[in-house]
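Everything on this sheet refers to the single structure shown next.
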Amino acid sequence: MSIAKKLASQTAVYGVSSIVGRVLTYFLVPIYTGAFAAAEYGVVTALYAYVSFLNVVFTYGMETTYFRFANRPGTDRRELYDRSLSLLLLSSVGLTLLLMALARPLLGLLDIGPGYERYFYWMALILGFDAVSAIPFARLRLENQARKFATVKMAGIVVNVALNLFFIVLCPAVASGKWLPALGPLVARVYDPGLGVGYVFLANLVASAATLLLLGRELLDFRFQFSRGPLRPLLKYAYPLMLMGLAGMVNETFDRILLAQWLPTGFYPGKSSLTAVGIYGACYKLSIFMSLVIQAFRYAAEPFFFAQSTEKNSPATFALVLKWFTLCCAVIFVVISLNVEDFGALFLRRREYLQGLAVVPVLLLANLFLGVYYNLSVWFKLTDKTYYGTYIGAGGAVLTIALNFLLIPVLGYMGSAIATLACYFMMALLCWRLGERHFPVPYPVGRLGLWLALAVGLVALGWAVPMASWGPRHAWHVGLSLAFVGALWLGEGRHLRRA
């Protein structure tokens, strides 16, 4: 099996849990948008922006650090596992308690009034549980236990989805007498209608706890070790990754926090800032198909890149991987962007959410460049120059905040989407230029640029020709999508057969 096909196979295996699980979670979006008004969903969006941001603080680059040190000659992997998990366990307990103590002031930053503190407590516990599970999951990836990795991930997601369906769909229907009235007494004991969107967080908390239990074998195989001397090399490698991750989360999630703060009153007539955040957050979910590919790829690629780093032809391998990754993402960008109205009608159940659909193509393209950046970032991880990642991420964070400050008052949530695209494009470009100096790789930049230009042109053409009737519009958009796929096959098909 060629190296490219081997990585594709590994990506598929690791991606099963990611893709199927995220798709299951994605099907909760119609439930949320049907059950909760945009202002209520805005609370979920805003708090989960904190979750994404703080998850980086809780794990502080230890997964990548674990892979890097585990692949160094002479490393005792068992001792490395014990020390890495010991460090995460101690820090997770401390950070969880600190977050609980700061619940009220942090909620105030989001303009979320009192009464939501318990949601924040649950969020803190979710972060702690997920951080502790990070190293056991990394160990499964390192040992190529893809089936167990996928099974545990899927089990946690199924628990989360099942509890959401139970509390948000079944219980209200039973309580109102619409469904299964015989279950009324049982539901009355376990269901509190006043909790509302809180069940989103409660379901996640139970799922995170269940995931830890399913990792029991890996946790029981752990022996607590904490000695500052041996931990220093780990922390020295990890802390630039954490800073890079924090900057990355500013780029990925801070727009929802800034949108709530900087959107002028009355910008969207009759809608509050949290309503706008809810609309933007729901439409952001439509870019999930790009995120699924990126996440599945990262699960497989990180250990793959480290394992390939000692091979003579590794630069050519990395170039080949970037090429096919980018082309696959370009297809996703074209298909979703041209058919976004159909996806929106399917998943966004209230009409108030549909007004934000124009941000989806921009966010899809932004996530494509984020995936390109993850590919390009291999050079500073392999050369132990992770501080370059910090500089690039910090530059992206500054650009994100500056553009949101300038564009939100003028363009609303479209300004946030454009800021995200500009940030990820700049990060990918800067990472490529720096990599050319320190770790040259023969990436086919010009050829990929032409394919991306064609993809953007076709999407722009599809949006520039509005059609009121569903049939002609659908045929036009599907035709443009097939035209791009056909062009790719004519231009790259012979290379794919040899990959």
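A few comments on the model shown:
- Screening GLY415 with (1) free of Cβ contacts under 8 Å to residues at least 24 places away in the same chain; (2) surrounded by fewer than 18 Cβ atoms within 10 Å (Cβ to Cβ); (3) in contact with a Pro (Cβ under 9 Å, 6 or more places away or on another chain) gives one miss only, at (2).
- Considering the conditions (1) in contact with a Phe, Trp or Tyr (Cβ under 9 Å, 6 or more places away or on another chain); (2) crowded, with 20+ Cβ neighbours inside 10 Å; (3) modelled with pLDDT of 85 or more, ALA150 is excluded by exactly one of them, (3).
Condition check ((1) outside any helix (DSSP H, G or I); (2) in contact with a Ser or Thr (Cβ under 6 Å, 6 or more places away or on another chain); (3) closer than 17 Å to ALA358 by Cα) across all residues:
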{"site": "GLY449", "(1), (2), (3)": "no, no, no"}
{"site": "ALA455", "(1), (2), (3)": "no, no, yes"}
{"site": "ALA460", "(1), (2), (3)": "no, no, yes"}
{"site": "PRO466", "(1), (2), (3)": "yes, no, yes"}
{"site": "ARG473", "(1), (2), (3)": "no, no, yes"}
{"site": "LEU488", "(1), (2), (3)": "no, no, no"}
{"site": "GLY493", "(1), (2), (3)": "no, no, no"}
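- Residue match in the range 98-108 (condition: under 22 Å from THR211 (Cβ atoms), in a helix (DSSP H, G or I) and open to solvent by less than 60 Å² (accessible area, probe 1.4 Å)): yes
- The residue that is least open to solvent (accessible area, probe 1.4 Å), among those in the range 439-469 that are out of contact with any helix residue (DSSP H, G or I) (no Cβ under 6 Å at 6 or more places or on another chain) and over 23 Å from VAL331 (Cβ atoms), is SER469.
- Test: residue in the range 205-214 that is open to solvent by less than 20 Å² (accessible area, probe 1.4 Å) and modelled with pLDDT under 80: no
- Selected residue (only one of VAL190, VAL169 is open to solvent by 30 Å² or more (accessible area, probe 1.4 Å) and closer than 15 Å to ILE31 by Cα): VAL169
- Residue match in the range 418-432 (condition: touching a Cys at 6+ places or on another chain (Cβ under 6 Å) and within 22 Å of VAL277 (Cβ to Cβ)): no
- Counting only helices (runs of 4 or more DSSP H) that fall entirely inside the range 311-367 and contain at least 3 residues that are surrounded by 22 or more Cβ atoms within 10 Å (Cβ to Cβ) and modelled with pLDDT of 90 or more, the qualifying elements are 314-338.
- Those residues of the range 470-490 which are modelled with pLDDT under 85 and surrounded by fewer than 16 Cβ atoms within 10 Å (Cβ to Cβ), in sequence order: TRP470, GLY471, PRO472, HIS474
- Taken together, the residues in the range 176-217 that are under 35 Å from the mean Cα position of the chain (by Cα) and farther than 25 Å from ILE157 by Cβ amount to 2.
- Taken together, the residues in the range 221-232 that are loosely packed, with under 13 Cβ neighbours inside 10 Å and either assigned to a helix (DSSP H, G or I) or modelled with pLDDT under 80 (or both) amount to 6.
- Matching residues, the range 267-292, being outside any helix (DSSP H, G or I) and either under 30 Å from CYS329 (Cβ atoms) or open to solvent by 50 Å² or more (accessible area, probe 1.4 Å) (or both): PHE267, PRO269, GLY270, LYS271, SER272
- Pair list, Cβ under 7 Å, 6 or more apart: the range 243-257 residue closer than 12 Å to SER416 by Cα and open to solvent by 20 Å² or more (accessible area, probe 1.4 Å), other residue in a helix (DSSP H, G or I) and hydroxyl-bearing (Ser, Thr, Tyr): GLU252/SER52; PHE254/THR400; ARG256/THR45; ARG256/TYR280
- Residue match in the range 430-444 (condition: in a helix (DSSP H, G or I) and in contact (Cβ under 8 Å) with a residue 60 or more places away in the chain): no
- The range 208-220 residues that are under 17 Å from LEU163 (Cα atoms) and assigned to a helix (DSSP H, G or I), paired with ones that are open to solvent by 30 Å² or more (accessible area, probe 1.4 Å) and of a type in the set (Val, Ile, Thr) (beta carbon under 8 Å, 6 or more apart): ALA210/VAL159
The values are calculated or read from the model by the stated rules, or taken from the named source; none is laboratory data. This one's a predicted model, so the numbers in the text were calculated from it and none came from an experiment. We place every Cβ from the backbone using ideal geometry, glycine too, and count neighbours over all the protein chains shown. When the accessible area is computed, the model is the full protein with side chains, heavy atoms only, and any ligands, DNA or RNA have been set aside. Shrake-Rupley method; radii C 1.70, N 1.55, O 1.52, S 1.80 Å.
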